[in-house]
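Handing you a structure now.
The values are calculated or read from the model by the stated rules, or taken from the named source; none is laboratory data. Just so it is clear, the model here is predicted, and its values are computed rather than measured. Ideal geometry is used to build each Cβ from the backbone, glycine not excepted, and the neighbour counts take in all protein chains shown.
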Amino acid sequence: KRPAGAPDKSLAREVKKVGVVGAGLMAGQLALLFVRRLEVPVVITDIDQERIDRGVAYIHGEIDKLAAKGRLSPDAVNKLKALVTGSLDKAAFADADFVIEAVFEEMSVKQQVFAELEQHVSAEAILATNTSSLSITEMASKLQHPERVVGFHFFNPVAVLPLLEVVRGERTDDAALATAFKVGKQLKKSSVLVKDAPAFVVNRLLTRFMGEVIATVDEGTPFEVADNALEPLGLPMTPMVLLQLVGPAVAQHVNETMHAAYPDRFGISANMQRFVEARKTAVWTTDDSGKQVVDPEVAALWE
Ligand code: 3HC
């Protein structure tokens, strides 16, 4: 069944080569998913060779882990590894039909990445963004071909969570959108079309949810109480463990987008800002006896 709002699938283009911009954890997870499901060449790039090498090594390592779990044959391992390459030179993207970016969550950085890509790819190549919260319309606004830009937003862990938010910008055309839905299906994700609104749907809700937990702690409730309060509802993980999975800095960027759009509904916690600036990555840690405890250094940031 065609997802609600998806254009006629006959408009979709075939994707024979994928580019991934960024070689961080999210980008690595994306590259792995694309190579596994599409079995086409996937080239990754980043700002320096060291990051690219680390990204390729991560993907190869994940392929080995899948093989160790018996999910890939030795032949498939070799085939998939050979399909993943890294290149500092974006000319390697020249024949890519679908390029997805997962770089730093800042509009000017993403616009710059797309502008540079446009110098290399064909006029029909899809430029997809895994942005968590930024406007697809604005990201596309300075391009020669804004009609090829789509939001393609995955959820952590990418290999496990089935949801994919597909976002249509004001100028996105039906062929780009149809291709995005086709690729979503090839990736075995459940695609939903969402409005190009700040943080789309899922992160808008999650940000409010995590923000209220933080606000409760700001007001003096211990993390131990606030973070576990919803345990009886059977959530897969507590809000602060989810924050760790998403990455506090990413979560804070999304929160800033929401605050700018809806200042009356999304506050900025000064304690949370200090937590991100201190480069802390987790609220919870394990003590000497193996018990889960709130990291005393984190608790101190809230005092
Ligand atoms: N990376 C990759 N795979 C992971 C993983 C990780 N970090 N954590 C768990 N997995 C895999 C495991 O390997 C296992 O796979 P297998 O069955 O093939 O062996 C599978 O997930 C289930 O893992 P477990 O049995 O160990 O653990 P759980 O049953 O507790 O599930 C979970 C783990 C899937 C992470 C679950 O806790 C969950 O769904 N949590 C909520 C995650 C969530 O809400 N994510 C959305 C965040 S928002 C976001 O990403 C948007 C961004 O823009 C900010």
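Just wondering, is there one or more residues in the range 262-271 that are assigned to a helix (DSSP H, G or I), surrounded by 12 or more Cβ atoms within 10 Å (Cβ to Cβ) and at pLDDT 95 or above?
Checked the range 262-271: at least one residue is assigned to a helix (DSSP H, G or I), surrounded by 12 or more Cβ atoms within 10 Å (Cβ to Cβ) and at pLDDT 95 or above.
Looking only at the range 206-255, count every residue that is of a type outside the set (D, E, K, R), in contact (Cβ under 8 Å) with a residue 24 or more places away in the chain, more than 15 Å from the ligand (Cβ to nearest atom) and surrounded by fewer than 18 Cβ atoms within 10 Å (Cβ to Cβ) and tell me the total.
Qualifying residue count, the range 206-255: 2.
Has the range 82-105 got any residue that is among the small types (Gly, Ala, Ser), within 14 Å of the ligand (Cβ to nearest atom) and surrounded by fewer than 21 Cβ atoms within 10 Å (Cβ to Cβ)?
The answer is no, given that none of the residues of the range 82-105 is among the small types (Gly, Ala, Ser), within 14 Å of the ligand (Cβ to nearest atom) and surrounded by fewer than 21 Cβ atoms within 10 Å (Cβ to Cβ).
Residue by residue through the range 91-119, note down the ones that are in contact with a strand residue (DSSP E or B) (Cβ under 9 Å, 6 or more places away or on another chain) and part of a loop (DSSP other than H, G, I, E, B).
96, 97, 102, 103, listed by residue number.
Take the range 120-132 and flag every residue that is crowded, with 22+ Cβ neighbours inside 10 Å and either in a helix (DSSP H, G or I) or of a type in the set (Gly, Ala, Ser) (or both).
Result: 125, 128, 132.
While we're on this one: Having 1 or more residues that are assigned by TED's automatic domain parsing to the domain that holds residue 105 and in contact with a Leu (Cβ under 6 Å, 6 or more places away or on another chain) is the bar; report the helices (runs of 4 or more DSSP H) wholly within the range 1-90 that clear it.
Here the list reads 25-38, 49-68.
While we're looking at this one, here's another question. Return the residues of the range 118-139 that are touching an Asp or Glu at 6+ places or on another chain (Cβ under 8 Å) and within 23 Å of residue 253 (Cβ to Cβ); say none if nothing qualifies.
127, 128, 129, 130, 131, 132, 133, 134, 135, 136, 137
Further question on the same structure: Give the residue that is nearest to residue 135 (Cα to Cα), with candidates limited to residues of the range 145-185 that are more than 16 Å from the ligand (Cβ to nearest atom) and under 18 Å from the mean Cα position of the chain (by Cα).
Among those that are more than 16 Å from the ligand (Cβ to nearest atom) and under 18 Å from the mean Cα position of the chain (by Cα), it is 169.
Let me ask you something else. Among (1) in the same structural domain as residue 29 (by TED's automatic domain parsing); (2) under 17 Å from residue 252 (Cβ atoms), which single condition is residue 218 missing?
(1)
Condition first: in contact (Cβ under 8 Å) with a residue 60 or more places away in the chain and either of a type in the set (A, V, I, L, M, F, W, C) or outside the structural domain of residue 30 (by TED's automatic domain parsing) (or both). Now tell me which residues in the range 105-120 satisfy that.
Across the range 105-120, the qualifying residues are 113, 117.
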